[in-house]
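Let me begin by presenting the structure, written as structure tokens, before commenting on it.
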Amino acid sequence: MTLKIGVVGTGAIGREHIDRVTNKLAGAKIVALTDVFLDACKQVNEQFDLNATIYPTDTELIASDVDAIFVTSFGGAHAETVLQAVNAGKFVFCEKPLATTAEDCKRIIEAEMKHGSRLVQVGFMRRYDAGYKQLKRAMENHLIGTPLMLKCAHRNPTVAENYTTDMAVTDTLIHEIDCLHWLLEDDYKNVQAYFPRQTSHARVYLQDPQIFMLETKKGVVISVEVFVNCVYGYDIQCEIIGEEGIIKLPEVPSITVRKEEQLSQAILNDWKERFVAAYDVEIQDFIDCVRKSKKLTGPSSWDGYIASVTADACVKAQTSGQKEPIILQDKPAFYA
Ligand code: NAP
């Protein structure tokens, strides 16, 4: 059976997912669209030759005969759409964040548990990146023994004018927040934020770079540098230091050039390019899981909740300058 997908939010990432489902991936078709800006749906219909039905609201789209819903609207709108979809028993792929508050994440978790099986996957695509998957396998095989410390960096060449200091957490660090607890199979305990000397390349109101020191329940200390005006390129680094050795996220493959007395390798400039393969694998996995087993295996509503609680503590740490606790509820057996 071909999975019938409805898309709520036809902005940048919505269009990318529509493109990959329509032109790259197998087993699904975009049959319904909605956006607060309905003209955007008409454009998308034409651009990708979809012939999808355009619904005036997400409520009407969810009530139609779609099998699954992509929630790719702006973050503040996610929770209500996801809740409606879960209450209607529909599968949901929700771009991060699952919701902008921990309370809303809990409402989604309760609705999903009431339904009785997982319906929601959150769009943390790094778990589908080939390099991070290698790190995960190495951790599962205890290649470096007990992990002790992590050194990570998330660097963008530049960011849009509307990027604010807290977005370093909610838009940027959020990917590390999800990925690192997944790699370590450990929960966060507290976080402290540090503001080094500000780069002159950032707008005056934006604190850049920032460093977050996270401590896990098992005592692993993680430093994540977020530097979004680093100028030189888009660069994601992750190094795990264990008792028996060190593992590091592989660099993006690129030819080495010997020229003019230099030995060099290009660095990517665009985050979309860095994770394009991961997005493809992520969405194909969602489609396959729903079609073949109706059992989702990707990041869950619980992972969305962890990200939300941790991000709140990180934002608080930015202003308090103190070590802020990260307090999670006990994980329900449902998400084991
Ligand atoms: P965007 O270009 O602004 O797209 C959001 C779209 O959703 C816009 O067309 C917006 O319409 C529409 N929308 C807003 N509220 C809606 C509602 N209630 N119902 C239906 N449509 C609604 O933003 P984007 O960059 O695509 O980001 C969308 C989401 O994806 C964000 O949560 C973002 O964090 C996430 N994202 C994730 C990644 C990743 O790496 N996983 C990357 C990029 C984005 P208007 O323009 O009229 O408001």
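Might you check whether a residue that is under 17 Å from the mean Cα position of the chain (by Cα), buried (at least 18 other Cβ atoms within 10 Å of the Cβ) and closer than 21 Å to Ala336 by Cα occurs anywhere in the stretch 100-119? Looking for residues that are under 17 Å from the mean Cα position of the chain (by Cα), buried (at least 18 other Cβ atoms within 10 Å of the Cβ) and closer than 21 Å to Ala336 by Cα, one finds at least one in the stretch 100-119, hence yes.
Each row is one residue, and each column tells you yes or no for (1) part of a strand (DSSP E or B); (2) within 15 Å of the ligand (Cβ to nearest atom); (3) not β-branched (Val, Ile, Thr).
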| position | (1), (2), (3) |
| --- | --- |
| Lys151 | yes, no, yes |
| Thr158 | no, no, no |
| Ala168 | no, yes, yes |
| Glu176 | no, yes, yes |
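List pairs: first residue in the stretch 190-217 and part of a loop (DSSP other than H, G, I, E, B), second residue β-branched (Val, Ile, Thr) anywhere in the structure, Cβ distance under 6 angstrom, at least six positions apart or on different chains. Hits for this filter: His201/Val231; Leu206/Thr165; Gln207/Thr165; Asp208/Thr199; Asp208/Val228. So for the stretch 133-148 (the condition being among the aliphatic types (A, V, I, L, M), closer than 28 Å to Ser320 by Cα and assigned by TED's automatic domain parsing to the domain that holds Glu215), does at least one residue qualify? Yes; the residues of the stretch 133-148 include at least one that is among the aliphatic types (A, V, I, L, M), closer than 28 Å to Ser320 by Cα and assigned by TED's automatic domain parsing to the domain that holds Glu215. Quick one: which residue in Asp303, Asp288 is acidic (Asp, Glu) and in contact with a strand residue (DSSP E or B) (Cβ under 7 Å, 6 or more places away or on another chain)? Result: Asp303 is the single residue among Asp303, Asp288 that is acidic (Asp, Glu) and in contact with a strand residue (DSSP E or B) (Cβ under 7 Å, 6 or more places away or on another chain). Select from the stretch 196-219 the residues that are surrounded by 15 or more Cβ atoms within 10 Å (Cβ to Cβ) and out of contact with any Asp or Glu (no Cβ under 9 Å at 6 or more places or on another chain) and write down the one among them that is farthest from Asp270 (Cα to Cα). Ranking the qualifying residues of the stretch 196-219, first place goes to Glu215. Test Thr164 against the criterion of being surrounded by fewer than 21 Cβ atoms within 10 Å (Cβ to Cβ), under 16 Å from the mean Cα position of the chain (by Cα) and not in a helix (DSSP H, G or I), and give yes or no. No, not satisfied. Tallying residues that are surrounded by fewer than 19 Cβ atoms within 10 Å (Cβ to Cβ) and in contact with a Ser or Thr (Cβ under 6 Å, 6 or more places away or on another chain) within the stretch 82-99 yields 0.
Residue selection: Leu296 fails the criterion of being modelled with pLDDT of 95 or more, in the same structural domain as Thr158 (by TED's automatic domain parsing) and either over 22 Å from Tyr132 (Cα atoms) or assigned to a loop (DSSP other than H, G, I, E, B) (or both). Inspect the stretch 311-334 for any residue being within 18 Å of Val120 (Cβ to Cβ) and β-branched (Val, Ile, Thr) and give the result as yes or no. So far as the stretch 311-334 goes, no, none of its residues is within 18 Å of Val120 (Cβ to Cβ) and β-branched (Val, Ile, Thr).
Applying the set (1) within 16 Å of the ligand (Cβ to nearest atom); (2) in contact with an Asp or Glu (Cβ under 6 Å, 6 or more places away or on another chain) to Thr146 leaves exactly one unmet item: (1). Comparison of Asp280, Asp235, Asp270 shows that the only residue that is closer than 13 Å to Cys152 by Cβ and within 16 Å of the ligand (Cβ to nearest atom) is Asp235. The residues of the stretch 48-60 that are within 26 Å of the chain's Cα centre (by Cα) and closer than 20 Å to Ala12 by Cα, listed by number, are Phe48, Thr57, Asp58.
Just one of the numbered conditions (1) touching a helix residue (DSSP H, G or I) at 6+ places or on another chain (Cβ under 6 Å); (2) closer than 25 Å to Gly242 by Cα is not true of Phe91: (2). If you check Val21, Val8 for being closer than 17 Å to Val82 by Cα, surrounded by 18 or more Cβ atoms within 10 Å (Cβ to Cβ) and either assigned by TED's automatic domain parsing to the domain that holds Ala85 or in contact with an Asp or Glu (Cβ under 7 Å, 6 or more places away or on another chain) (or both), only one passes: Val8.
The values are calculated or read from the model by the stated rules, or taken from the named source; none is laboratory data. Source: prediction; values computed, not measured. Backbone-built Cβ (ideal geometry, glycine too); neighbour counts: all protein chains shown.
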